[in-house]
Protein chains: 6
Amino acid sequence: MTVKNKPMALDAGPPAKLDADNQAYFAKCREKLGFVPNVLAAYAFDNAKLRAFILMADDLMLGDSGLSKLEREMIAVAVSSVNHCHYCLTSHGAAVRQRAGDPEHGELMVHNYRAANLPPRQKAMLDFAVQLTEHPDKIEEADRQALRKAGFTDRDIWDIAAVAAFYNMTNRMAAAADMRPNREYHYTVRQHMDVMSESPRVLPIKAPPTNRAAARRRRGKAG
Amino acid sequence: MTVKNKPMALDAGPPAKLDADNQAYFAKCREKLGFVPNVLAAYAFDNAKLRAFILMADDLMLGDSGLSKLEREMIAVAVSSVNHCHYCLTSHGAAVRQRAGDPEHGELMVHNYRAANLPPRQKAMLDFAVQLTEHPDKIEEADRQALRKAGFTDRDIWDIAAVAAFYNMTNRMAAAADMRPNREYHYTVRQHMDVMSESPRVLPIKAPPTNRAAARRRRGKAG
Amino acid sequence: MTVKNKPMALDAGPPAKLDADNQAYFAKCREKLGFVPNVLAAYAFDNAKLRAFILMADDLMLGDSGLSKLEREMIAVAVSSVNHCHYCLTSHGAAVRQRAGDPEHGELMVHNYRAANLPPRQKAMLDFAVQLTEHPDKIEEADRQALRKAGFTDRDIWDIAAVAAFYNMTNRMAAAADMRPNREYHYTVRQHMDVMSESPRVLPIKAPPTNRAAARRRRGKAG
Amino acid sequence: MTVKNKPMALDAGPPAKLDADNQAYFAKCREKLGFVPNVLAAYAFDNAKLRAFILMADDLMLGDSGLSKLEREMIAVAVSSVNHCHYCLTSHGAAVRQRAGDPEHGELMVHNYRAANLPPRQKAMLDFAVQLTEHPDKIEEADRQALRKAGFTDRDIWDIAAVAAFYNMTNRMAAAADMRPNREYHYTVRQHMDVMSESPRVLPIKAPPTNRAAARRRRGKAG
Amino acid sequence: MTVKNKPMALDAGPPAKLDADNQAYFAKCREKLGFVPNVLAAYAFDNAKLRAFILMADDLMLGDSGLSKLEREMIAVAVSSVNHCHYCLTSHGAAVRQRAGDPEHGELMVHNYRAANLPPRQKAMLDFAVQLTEHPDKIEEADRQALRKAGFTDRDIWDIAAVAAFYNMTNRMAAAADMRPNREYHYTVRQHMDVMSESPRVLPIKAPPTNRAAARRRRGKAG
Amino acid sequence: MTVKNKPMALDAGPPAKLDADNQAYFAKCREKLGFVPNVLAAYAFDNAKLRAFILMADDLMLGDSGLSKLEREMIAVAVSSVNHCHYCLTSHGAAVRQRAGDPEHGELMVHNYRAANLPPRQKAMLDFAVQLTEHPDKIEEADRQALRKAGFTDRDIWDIAAVAAFYNMTNRMAAAADMRPNREYHYTVRQHMDVMSESPRVLPIKAPPTNRAAARRRRGKAG
């Protein structure tokens, strides 16, 4: 395995022998996605760190909430766009494409949610998430009030904040450790909506070509 | 034609009767790309403005230069990433994917070129382009010197600056007019490199589904 | 109980009936600190969210690491200073004062670590944490290299990043929910070092006066 | 000719043999202004680049528009003030002084248009131009709506944006190439309004002293 | 006397022989506070500079004004919080604690005044002071109008601005010269409000331990 | 007298009966400059405030220093350029033109000192002043060391900082009070260097036209 295939640039230590729960989670990833997300592989040098990360991420993105799962992914991507986080834009951009069943919607969140003509509820939601990302020190009661006016409960506001705050954490972990997204994400739900089935899902993808080959080709063209 | 299919939100006036040279350029676009880029449609209310834009863009991106065409597209995308320009990230992101023959390279430029492990020449080129974008008032001889040290001639520096400066203009036109990228760009060169032909090119794409249908579907899921 | 005594302004729901592990953790807090930190009370509306937060925070701040516990608290405070987070500056400012056994060291971290004449190792550590906080998109290999040069291992770098990233999350939760620090923190380790015992610890503090009285007094003076 | 008299620091190549149209334009400059603006001299190493620049600049600043020529110059200067562009502040500052027939109005635009007590129309126009300059990613329909409310048509909005965007381009070219303004601009329309003729114009100015002499004198005084 | 006890890092020259008025002021400080503030000791290399500083500071903070002395200290601290000025946050943080008779109020101003639930008058006052600190170029009539609406006269607005502007000066002097606050400030008014007398005042404090000892202890713990 | 001729927009109160020293200073201004600078007129509602301002300004700009008077004016203008202060750029821009005997040097400082090809000493001086203006919290020993390396003593560093800090104060006073510069400044030392006498000075200027007339003329042109 070459350096390029490591989940991150940082050498935090060899993979730990996974505890049963972490091992089961990795197995579930392989079954559902066809691979273990590199962010989890990055945390796998330590069972306790991996467990805490999984618990928090799973609760936030998949637990009960007044926000749809798509909305939570939209927050993840809008925050990651501000922070220019390659890992999260790749993986959660794919998640937005998949949950929306719309490749273009994913691109809009990656580029600039303000170009997306969102309904007022989602516009207010992302305005808050981005303000919280850029100027956490300037959040005031008026900002919370704007969300309530857009139809969110206080519990919803907690969830918007919690997802936005979590990606402000993971964006920084990805940047500090130079995490590299699994290449499969780039190719997830890129088809036209018209030809997509009604329930789009990520198909297991056979191993993509080695980066070495890619680099060779790129150099040739960039010349 | 619905509002969503207009090339921009701004109503700058009806399309002008195109002069022969502009008409010929539009014909060439349709032949080569299968469509007229919406940025040109946006300028088409006035022949003089359209001509000046085409002349400048074509010279910068396709004219003689010490920079490869891929490198010029990389600058376009890195600048547009700083400015979060949906139109340019969509259209020039596609161009990077196409010229590099590598979808992942395009995503890297859209997200954050610093994650791309670029060779020193291209890293220096994009560092300069981004500094010029973010802090034009702080450019000094030392910045030019860094480019010379990375192997660029003064004429190359002009070209790096000219492309970066041009997209600082078009990013702002797209934002002010709310230009919407042609939907075809989203689907350009999304295949695995391994299955791509040696000379990738954009195939004419049959009309994508109406946005109305897309919006309906998205609302259903976002609930 | 008046509004002012609530752990946060947001009404995310009534406290959940705590699961055994969470209940035990709260008991430990009361025993060791004399109170349950309001950030935990804020999360207590949901057992899963509370558990994930406790697991992550405890591992980061108290688990095995090449960083001392004081150093981790210094990162927490330096990050919170950039983000102007009242909750975290109050609670972790107290922790720095306590772990350093030096009230002035805590104030320096709250105000500006650059004024603290830190040894090169800790200066490099906080420079990285603050850069990661302010410009996560600009972190490059050179930044990691600076830490290695200052004597940190890659695993240490992970820990510096993980603590800095975590407080970029909690600062935003505290801002979004308007969390209010337990008043006891303000009074923790404020004595002169000379009169302090060799192993300073937080003494349980009898209930401070109601805020109502405080507000009355303040108004009188501010007139 | 000394280095100081070159139109820019960058050595992009020797002047091209000018095509007829470019040659005619230079002749017109010499006739009307008494000199060829250095920005044109800078582009003169390449006929195509020079032509595209002239076409675009002329159409924007002198073509049909709902904006007066003075208003377009005011936008040019307000944008250049944000970007601290010495070349454009010098040349277009002179243009504002000349078109307004008021030296003080030019200074206000160079320093800070907010100090100028402008009529609401022009205040809204420059607020938009400056927002587009500083935060192109944050432009929203509400910003366009504010211009419409101030009396501008959508076509006017295009023109405001186009001028602001163009100077975001040229400011960056001037910074990257270190362009030096023709010295004549500094001395254009500096007289009291009272003693100015009703139709102020730039008189051809005899060659100013060499920079060498200026530098000598300055050094002497700065000691 | 070791380097650490110098009032600042910069060596601007030996203390001047103080003129009578300056000498009297120093005597008054020693009588009232128990020490001469280090900012004055820093200016003491030159009688004229010291005098001008004292005259301006005394007039602003203690002279006639529609603002209470506490409010003026609150402005000083809110401005210094934006500028992260260790010296001023230490000394004027102590002043807020003392004048408010409330340690927690001082901490709130140091950390983030937006967390303080201030009455609208004081909220408007600090919003203006902070806007003036962060974006002096963007102050407009609307900002002054907001203060008038909150009940301030034009003369009050002058005073708010004058205090905010003054600390924008002193914050920068303290940063440039690396001024170190007198250690006594850290220990001023740290008691619970309940046990404080009705008229809190700074008691003369016996010399704190040498920094050398503190540093030794800190190193031991930080290990 | 119309509103436009008031020294500032704020109505801080009627002019005080000036004390003898302040009166003498105003007389000296009238004699030397031909007018009282509006910043002094603005402070004239209160003798104590006026005196403190004059003492500090005079000492900084005219007192003994290792910096030439021109250099101090250059700092004033470079700082005011960052803060976009119309009052100070007008009045101290004039002072630079006058002391340098070079109108172009004044414009360079107003626009962007980085375009001025300054000798290393003055470049370092202004780099420090601007860093202190933009990021006072980030000043470190290395910044002071850069000045020492450029030949400045610690006392010189104090003076650079003191002038930069002072204009960070006055820029904010001018912004908050909307001070308007005396119109004479606009017309000071605008002549070619070649035709200027060896010892340039500001000649008393006869009253400029009323603003009313100017506004009328401008409206006519701007239409």
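Read-outs: derived from the displayed coordinates by stated rules, not from any lab. These numbers were taken from a predicted model, which means no experiment stands behind them. All Cβ positions, even for glycine, are placed from backbone atoms using ideal geometry, and neighbour counts span all protein chains on display.
Order of E:Asp178, D:Asp159, D:Asp11 from fewest to most other C-beta atoms within 10 Å?
On the way: E:Asp178 21, D:Asp159 24, D:Asp11 14.
Least crowded to most crowded, the residues run D:Asp11, E:Asp178, D:Asp159.
Whole Å is fine, so just give me how far the alpha carbon centre of the stretch E:1-74 lies from that of the stretch F:72-134.
If you average the Cα positions of each part, the centres end up 30 Å apart.
What does the average come to when, for each residue of peptide F:73-85, you count the partner chain Cβ atoms lying within 10 Å of its Cβ? Present the calculation step by step, with values, prior to reporting the outcome.
Details: counts 0, 1, 0, 0, 0, 0, 1, 3, 5, 4, 5, 13, 5.
Neighbouring Cβ atoms belonging to other protein chains average 3 per residue here.
Can you figure out the FRET efficiency of C:Lys69 with C:Asp11, using R₀ = 30 Å and their beta-carbon distance, to the nearest 0.05? Walk me through the numbers before you get to the answer.
Working: r = 34 Å, r/R0 = 1.14.
Working from the Cβ atoms, E equals 0.30.
Within 10 Å of each Cβ of B:48-55, how many other protein chain Cβ atoms are there on average?
On the way: counts 7, 8, 0, 4, 11, 5, 1, 7.
Mean partner-chain Cβ count within 10 Å for B:48-55: 5.
Which of C:Glu71, B:Glu140 comes first, and how do the rest follow, when ranked by fewest Cβ neighbours within 10 Å?
On the way: C:Glu71 23, B:Glu140 14.
Least crowded to most crowded, the residues run B:Glu140, C:Glu71.
Counting only pairs 8 or more residues apart or on different chains, how many lysine pairs in the stretch F:1-127 have their Cα atoms under 20 Å apart? Each step should come with its number before you reach the end.
Details: F:Lys6/F:Lys17; F:Lys6/F:Lys49; F:Lys17/F:Lys28; F:Lys17/F:Lys49; F:Lys28/F:Lys49; F:Lys28/F:Lys69; F:Lys32/F:Lys69; F:Lys69/F:Lys123.
The number of close lysine pairs in the stretch F:1-127 is 8.
Report, by chain and number, residues whose modeled amide H sits under 5 Å from the one on F:Met8, excluding near sequence neighbours (fewer than 5 apart, same chain).
When sequence neighbours closer than 5 places are left aside, the close amide H contacts are F:Arg180.
Using Cα positions and a limit of under 18 Å, work out the aspartates and glutamates in reach of A:Lys138, with same-chain residues fewer than 8 apart set aside.
Result set, ordered by chain and number: A:Asp127, C:Glu134, C:Asp178, E:Glu107, E:Asp127, E:Glu134, E:Asp143.
Can you check what the net charge comes to around E:Ala146, using other residues whose Cβ is under 12 Å from the Cβ of E:Ala146 (Lys, Arg +1; Asp, Glu -1)? Walk me through the numbers before you get to the answer.
Working: positive: E:Arg121, E:Lys123, E:Arg144, E:Arg148, E:Lys149; negative: E:Asp127, E:Glu140, E:Glu141, E:Asp143.
My count for the surroundings of E:Ala146 gives +1.
Out of the trypsin sites (Lys or Arg not before Pro) in the stretch D:1-80, which ones are loop residues according to DSSP with at most 14 other C-beta atoms within 10 Å? Don't jump to the answer; show the numbers that get you there.
Working: sites: D:Lys4, D:Lys17, D:Lys28, D:Arg30, D:Lys32, D:Lys49, D:Arg51, D:Lys69, D:Arg72; in loops: D:Lys17.
The qualifying sites are D:Lys17.
How far apart, in nm, are the 7 Å Cα→Cβ label points at F:His192 and E:Thr153?
The two pseudo-label positions are separated by 5.6 nm.
How much net charge surrounds E:Tyr25 when only the other residues with a Cβ under 14 Å from the Cβ of E:Tyr25 are counted, with Lys and Arg +1 and Asp and Glu -1? Could you put the intermediate results ahead of the total?
On the way: positive: E:Lys28, E:Arg30, E:Lys32, E:Lys49, E:Arg51; negative: E:Asp19, E:Asp21, E:Glu31, E:Asp58, E:Asp59.
Spelling it out: positives minus negatives among the neighbours equals 0.
Would you mind giving the mean number of other chain beta-carbons within 10 Å of the Cβ of each residue in C:61-71, as a whole number?
Numbers: counts 0, 0, 4, 2, 0, 0, 1, 3, 2, 4, 2.
That works out to 2 on average.
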